[in-house]
Every structure is written in structure tokens, then in C-alpha cells.
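Nothing in this text is a laboratory measurement; each read-out follows from the coordinates by a stated rule. This structure is a prediction, so every number in the text was calculated from the model and none was measured. Note: ideal-geometry Cβ built from the backbone for every residue, glycine included; neighbour counts use all protein chains shown.
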């Protein structure tokens, strides 16, 4: 730049002042302090009570369909592990494990109660699922063993 240090500093301050003058000033309070704007919050959603979450039967069914898809994905994952368990069973007779089923059902009923689901619905659903997977596993083990 070639000027004295004082001139360079003055020039830099002038540029800074000019840049800040080009920016719009923030709103200020009467005593000159900058007003701080708070982010606008989204309007509060009304509390949803049981039975009032949807505006129409079609909306209810859309949600149920999405949940059913999630359940099917989890069942497919469960089937993978059922088949994996079948690899460790030497015969079809070893596939059905009544103690294991009883433990699963006890756990399912307890968890259902905690989640606000009818334990009877949970038990019936799991018993049907376990029976179907057991039959599938028997076919797998039977095909592998003589």
C-alpha cells in the first residue's frame, strides 16, 4: 500500500464502516440495543387422544398399510433367523420347543401390557406367527435331514 501504518489502519476501518453501512440495520429498542428476534415456532399440534388421530377412514387405512409393511419387513428378518436356527437342529423333532414358546409368550404379554396393547391380541398374533414359522422351519430341517 505504501502509506504509513496509521493510514493503512484508517483505510481498513473506513472499508469496514462502509461495508457495515451497506447492510440493513437490525431493529433496535428505544434505548438503542439491538432487538433479538426469536425463531417462530410451529403452531402447536392439538394433543391427539386415542381414537382421534385421523380425519378420515382413508387416512386411518393409509397408516395401517404403512405399519403392515413395517411388520412384514420385520417378519422377513425374523424368518432369516428362524432358518438360521434350523441349521442347528439335528431333526424335525427338535424344531418345536414348547419351553421356548412359553417364554416368548410370557415376554410378549408383558411387553404388550407395557405398550398399551391388549395382551390377548399380542398372544394370539404371536402364537399364529410362531406356529407358521415352526411349520416352515420343519420343512427346512426335513428337507435337509433324511
Quiz item: Ranked highest first by the average count of other Cβ atoms within 10 Å around their residues, in what order do 79-89, 58-68 fall?
Solution: 79-89, 58-68
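What is the gain in length, in nm to one decimal, between residue 77 and residue 65 on full extension, counting 0.36 nm per residue of separation less the C-alpha to C-alpha distance? Please list the in-between numbers first.
Values: separation 12, 0.36 × 12 = 4.32 nm, distance 1.86 nm.
Length gained, residue 77 through residue 65: 2.5 nm.
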Practice problem: Name all residues of segment 119-138 having a backbone nitrogen under 13 Å from the label point set 7 Å from the Cα of residue 99 along its Cα→Cβ direction, giving them as ranges. | Solution: none
